[in-house]
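Engineer: Following this message is one structure expressed as structure tokens.
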Amino acid sequence: MRVLVVEDNPGDAQLVSVALAGSVRPKFQVSLAATLAEARECLASPSPDVILLDLSLPDSLGEQTVTSMREAAISIPIVIMTSTDETGFAERMVSLGAQDYLVKGDFTGPMLWRAISYSVARMTLMVEREALVTELRISVEVKNRMLGILAHDLRNPIGAVSGYAELLEMTEGKSLSAQMMAALTAIRESAAFMNNMIEEVLAFALADAGDVKVNRRWLNLAAVAGKAVTIGAVVAEKKQVRLALEAPPVWVEGDAMKIEQVLNNLISNAIKFSKAGDVVTVSVVDGADGKCLSVSDHGGGIPADVMINLFKPFVKGKTGTAGERSNGLGLYICSRIIEAHGGRIDVNSKDGRGTTFTVILPDDHNNSGLHHVMNHA
């Protein structure tokens, strides 16, 4: 095993060389360097398997010595040799890139050999771990890219299926049997579900890649909630569910489109699990923890086994009261959007008594631009 000893004190360097010479297994081949500059020259082929590094050199001192050596020898384990044994020293050295350390004059040959062995093992594990992380990151990026491409390319044919079904209903509806009309309705509803799933898969690919971009502007949460309620009213009316809005003006800095996307999803879910005659309440509150958006329903509640993994992707709960399906992506996407705003989503659900989702957006104490926005709203 090739060992580079970087030590400007000849006596200390000699002691280390003698200690290494006493090893039978492994055998050590020792090279000496008295300065950081000389050590860098010794990194050329054949490079050392490990570096024993003194912190106080003629051309470098203290922590800078470790940092500089680590930059020059990216994948070579480093064992620090020092006269310091203060609390926290080892942690600082590891954070700077060292694998181990020894106190000068206080180690034996076996201790030195063991430190070298451990440092080599630690560096090997670290390199393998970093390679695995890189491989996983690439794998996730490829997966997300493929999801994006697949979802994008499915849009046109699904749009064509839905369009032709609507065209048949409009042009031939009077001559078609009830069975054929029911089939066309099923085609349109399936196409709409698939189209919604494609949109969520695209959003999932972006969220999973950490690519949720937030365009922050001062906005009135009451206006955002009102727009979301108007959009949700169409679906609610079909199920004979009433939407109630309780929203005084509350201003926050955020992305209006993305917050509306979150509200649309939460309102859609609440309607899905409500039955005829139920009320879904959307409220806005300026709370102690931040600005709050809540969506409450009176459905059957969320089972405990589903609640545990509620915001994980592809986790599906019960079907809706009218058989509505879910692909298990909506809440995951919502959580990533709100996390990108620095907020969180809380859930309060009771079996048979309904569920409340509360979006909490952090207060921005720098309100310099808020008064200008409100005065011109």
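Engineer: Restricting attention to the stretch 330-361, report how many residues are part of a loop (DSSP other than H, G, I, E, B) and surrounded by 20 or more Cβ atoms within 10 Å (Cβ to Cβ).
Structural biologist: If we filter the stretch 330-361 for residues that are part of a loop (DSSP other than H, G, I, E, B), which is where we start, we get 341-343, 351-353.
Filter again for surrounded by 20 or more Cβ atoms within 10 Å (Cβ to Cβ), leaving 341, 343.
Final tally of qualifying residues: 2.
Engineer: So which of S68, S47 is modelled with pLDDT under 90, closer than 24 Å to L125 by Cα and under 40 Å from the mean Cα position of the chain (by Cα)? Spell out how you get there, then give the answer.
Structural biologist: On the way: S68 fails: modelled with pLDDT under 90.
Just a single option satisfies the conditions, and that option is S47.
Engineer: Residues to consider are V50, V16, V6; find the one that is hydrophobic (A, V, I, L, M, F, W, C), surrounded by 13 or more Cβ atoms within 10 Å (Cβ to Cβ) and over 17 Å from W113 (Cβ atoms). Give the steps one after another, and end with the answer.
Structural biologist: Values: V50 fails: over 17 Å from W113 (Cβ atoms); V16 fails: over 17 Å from W113 (Cβ atoms).
Step by step, each of V50, V16, V6 is checked, and only V6 is hydrophobic (A, V, I, L, M, F, W, C), surrounded by 13 or more Cβ atoms within 10 Å (Cβ to Cβ) and over 17 Å from W113 (Cβ atoms).
Engineer: A90 versus (1) modelled with pLDDT under 85; (2) farther than 25 Å from D49 by Cβ; (3) part of a helix (DSSP H, G or I): which is the lone unmet condition?
Structural biologist: (2)
Engineer: Could you list, in sequence order, all residues of the stretch 223-234 that are over 29 Å from the mean Cα position of the chain (by Cα) and among the small types (G, A, S)?
Structural biologist: Selection gives A223, G226, G232, A233.
Engineer: Oh, and also: Report yes if I74 is open to solvent by less than 30 Å² (accessible area, probe 1.4 Å) and either touching a residue at least 12 places away in the same chain (Cβ under 8 Å) or not in a helix (DSSP H, G or I) (or both), otherwise no. If you could, list the steps in order and put the result at the bottom.
Structural biologist: Working: open to solvent by less than 30 Å² (accessible area, probe 1.4 Å): no; either touching a residue at least 12 places away in the same chain (Cβ under 8 Å) or not in a helix (DSSP H, G or I) (or both): yes.
Answer is no for this residue.
Engineer: Continuing with the same structure: Which residue pairs have Cβ atoms under 6 Å apart, sit 6 or more places apart or on different chains, and have a first residue in the stretch 106-126 that is more than 24 Å from I74 (Cβ to Cβ) and among the small types (G, A, S) and a second that is outside any helix (DSSP H, G or I) and open to solvent by less than 50 Å² (accessible area, probe 1.4 Å)?
Structural biologist: Within 6 Å, the pairs are G109/G22.
Engineer: Is it fair to say S119 is in contact with a strand residue (DSSP E or B) (Cβ under 6 Å, 6 or more places away or on another chain), in a helix (DSSP H, G or I) and of a type in the set (G, A, S)? Can you show your working first?
Structural biologist: On the way: in contact with a strand residue (DSSP E or B) (Cβ under 6 Å, 6 or more places away or on another chain): yes; in a helix (DSSP H, G or I): yes; of a type in the set (G, A, S): yes.
So S119 passes the test.
Engineer: Then there's this: Looking only at residues that are under 22 Å from K275 (Cβ atoms) and of a type in the set (V, I, T) in the stretch 233-258, which one is surrounded by the fewest Cβ atoms within 10 Å (Cβ to Cβ)?
Structural biologist: V234
Engineer: If you don't mind, there's one more thing I want to ask. Test D305 against the stated conditions and say whether it is among the charged types (D, E, K, R), farther than 26 Å from G277 by Cβ, assigned to a loop (DSSP other than H, G, I, E, B) and modelled with pLDDT under 85.
Structural biologist: Details: among the charged types (D, E, K, R): yes; farther than 26 Å from G277 by Cβ: yes; assigned to a loop (DSSP other than H, G, I, E, B): no; modelled with pLDDT under 85: yes.
No: the conditions fail for D305.
Engineer: Looking at R155, is it assigned to a helix (DSSP H, G or I), free of Cβ contacts under 8 Å to residues at least 12 places away in the same chain and either among the charged types (D, E, K, R) or over 30 Å from R2 (Cβ atoms) (or both)?
Structural biologist: So R155 does not fit the description; no.
The values are calculated or read from the model by the stated rules, or taken from the named source; none is laboratory data. Remember, it's a predicted structure, so these values are computed and weren't measured experimentally. Cβ sites come from the backbone with ideal geometry, for glycine too, and all protein chains shown count toward neighbours. Ligands, DNA and RNA are excluded from the accessible area calculation, which covers all protein heavy atoms including side chains. Shrake-Rupley method; radii C 1.70, N 1.55, O 1.52, S 1.80 Å.
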